[in-house]
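Below: one structure, written as structure tokens.
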Amino acid sequence: MRKDRSRELLHRARAVIPGGVNSPVRAFKSVGGDPLFIARAKGANVWDADGNGYIDYVGSWGPMILGHADPSVVEAVKNAVDRGSSFGAPTEGEIRLAEAIVKRVPSVQKVRLVSSGTEATMSALRLARGFTGRDDIVKFEGCYHGHADHLLVKAGSGVATFDLPDSKGVPADFAKHTISLPYNDISAVRELFAQRGQKIAAIIVEPVAGNMGLVPPVNGFLETLRDVATQYGALLIFDEVMTGFRVHAAGAQGLYAITPDLTAFGKIVGGGLPLGAFGGRADVMDMLAPDGPVYQAGTLSGNPCAVAAGLKTLENLSAPGLYDQLEKISRRIGEGLAAILRETGIPGRVQRVGSMFTLYFGDGTPLKNFADAKAADHNRFSAYFAEMLARGIYLPPSGYEANFVSLAHTTDDVDRTLDSARAAMTSLAAS
Ligand SMILES: *Cc1c(COP(=O)(O)O)cnc(C)c1O
């Protein structure tokens, strides 16, 4: 497999772009080796700058649920850009996308469009603080909510610690209102609220955690969050940037039948263009400027091209049976990988919710939180990643990421992936 051109581009990129990449995980730091520069993609496949083709499980980290360069989405974006790419004034398309979101997600009565998932969670939290008049927020260790200052906090040891920032450049003062708890720890949540529930503005959670690999909520976890938030007058914010329109037409809240007060969207809602959204209860959303006192804005918010891509993606997803189809193909890969682990005697575990899954190497017991995800065998994952890449399978380059299956992945793609995985694991077992 030639990689000369990718290598040359990386060299050039490093001279003018920090680390050569515009988002850190693209750099292959956690798996070692050099990133591939991607030249084009179609359906379930991507091609690198040297012309090597791969079956893709990154899917741009989630947005590409229809597969890459879906013809209907491409056409919608072309039509939109022909009419002008940005006006800084309202357009009908924004209403149609807002209506499409409200129709699919019953907890969302009003929604505002932004340009990324980071903006969506950041704005939802500001709104929750404005609405409740409280400062503290609760998040869970291993959940990623974008790179806003107060969300980049490391979970400390023990329960309910006020945490230190996870990144240089974030003043400790900015993070001091962020409390982080272990994911899936129901009693920690109850304890914290019993102690200081009156001070908490919001709980923000990935209802299915997809940024520590894939960790589903245990029975009663999301229900507990809903209960304590209601009891103490805090808002429950579901960060569905990854799960929204993916695990169910109504997102994880549809799958688990929980009603959050606010929801953040991104990824799929923009159909592969930069777009996010946050929405929820009308009485809360009406606190936003221009009608209310909570400021939030964006020059390119509701950008016509991004709106066209998002709307066309959601329209495509409303065809009957598509989520069943996605579940079927995803189950084939999830069960196939689990069978290969058993066959080759490699200890590990596949965790999957719909078309999101992670293969963890380790002792094979269920992973419930960030500590479990950290304890997985990440060295073995790096070896597996390299084996798979060499066999033409492009996996997320970190053991802390979810894989994404798209509607463009065929049975044949999955079977080729499983053949590669069998060969990769056989080679790992021998080494
Ligand atoms: C990707 C992601 C974000 C951040 O979205 P960006 O568009 O990268 O800013 C926030 N929350 C979750 C759960 C995500 O997966």
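The stretch between residue 379 and residue 92 holds 98.3 nm of extra length on full extension. This uses 0.36 nm per residue minus the Cα-Cα distance. Beta bridges per DSSP, both residues in the chain: antiparallel share near 60 percent.
Computed log10 I(q)/I(0) for region 71-317 at 0.16, 0.17 Å⁻¹: -1.12, -1.25, from the Debye equation with unit scatterers placed on every C-alpha and solvent omitted. Each Lys or Arg adds one and each Asp or Glu takes one away; over the other residues whose Cβ falls under 13 Å from the Cβ of residue 254, this sums to +2. Using a 1.4 Å probe on the protein chains only, how many percent of the accessible area of region 62-110 belongs to carbon and sulfur? With neighbouring chains kept in place, the figure for region 62-110 is 55 percent.
Evaluate E = 1/(1 + (r/R0)^6) for residue 319 and residue 257, where r is the Cβ-Cβ distance and R0 equals 25 Å; express this FRET efficiency to the nearest 0.05.
0.60
Ranking 249, 390, 147 by Cα position along the charge dipole of the chain, where only Lys, Arg, Asp and Glu carry charges on their C-beta atoms, puts 390 farthest toward the positive end. For an R0 of 60 angstrom, estimate the FRET efficiency from the Cβ-Cβ distance between residue 410 and residue 198 and round to the nearest 0.05. E between residue 410 and residue 198, to the nearest 0.05, is 0.65. Largest GNM mean-square fluctuation across 268, 237, 95, computed for the chain with C-alpha springs under 10 Å, falls on 95. Per residue, the chain exposes 42 Å² of solvent-accessible protein surface, assessed with a 1.4 angstrom probe and all protein chains in place.
Can you give the Rg/Rh ratio of the chain, where Rg is from the C-alpha atoms and Rh is the Kirkwood radius? It would help to have the intermediate numbers written out before the result.
On the way: Rg = 21.3 Å, Rh = 22.2 Å.
Looking at the chain, the ratio lands at 0.96.
Between exposed chymotrypsin sites (Phe, Trp or Tyr not before Pro) in the chain, where DSSP calls loop and at most 16 other Cβ atoms lie within 10 Å, what's the longest gap? Here the longest segment lacking exposed loop sites spans 88-294.
Which shape class applies to region 183-301: rounded if a/c is under 1.5, otherwise prolate when a/b exceeds b/c and oblate if not, where a ≥ b ≥ c are the square roots of the Cα gyration tensor eigenvalues?
Numbers: a/c = 2.16, a/b = 1.18, b/c = 1.84.
In terms of gyration-tensor shape, oblate.
Report in % the part of the accessible area of region 345-397 that belongs to carbon and sulfur, leaving out ligands and nucleic acids; probe 1.4 Å. Before the final figure, lay out each step's value.
On the way: 980 of 1990 Å².
Of all accessible area on region 345-397, carbon and sulfur atoms account for 49 percent.
Partners of residue 368 within straight-line reach, counting lysines whose Cα lies under 22 Å from its Cα and excluding those fewer than 8 residues away in the same chain: 139, 154.
The values are calculated or read from the model by the stated rules, or taken from the named source; none is laboratory data. It should be emphasised that the depicted structure is a prediction, and the values quoted were computed from it without experimental measurement. Ideal geometry is used to build each Cβ from the backbone, glycine not excepted, and the neighbour counts take in all protein chains shown. The area values use the complete protein model at the heavy-atom level, side chains included, leaving out ligands, DNA and RNA. Shrake-Rupley method; radii C 1.70, N 1.55, O 1.52, S 1.80 Å.
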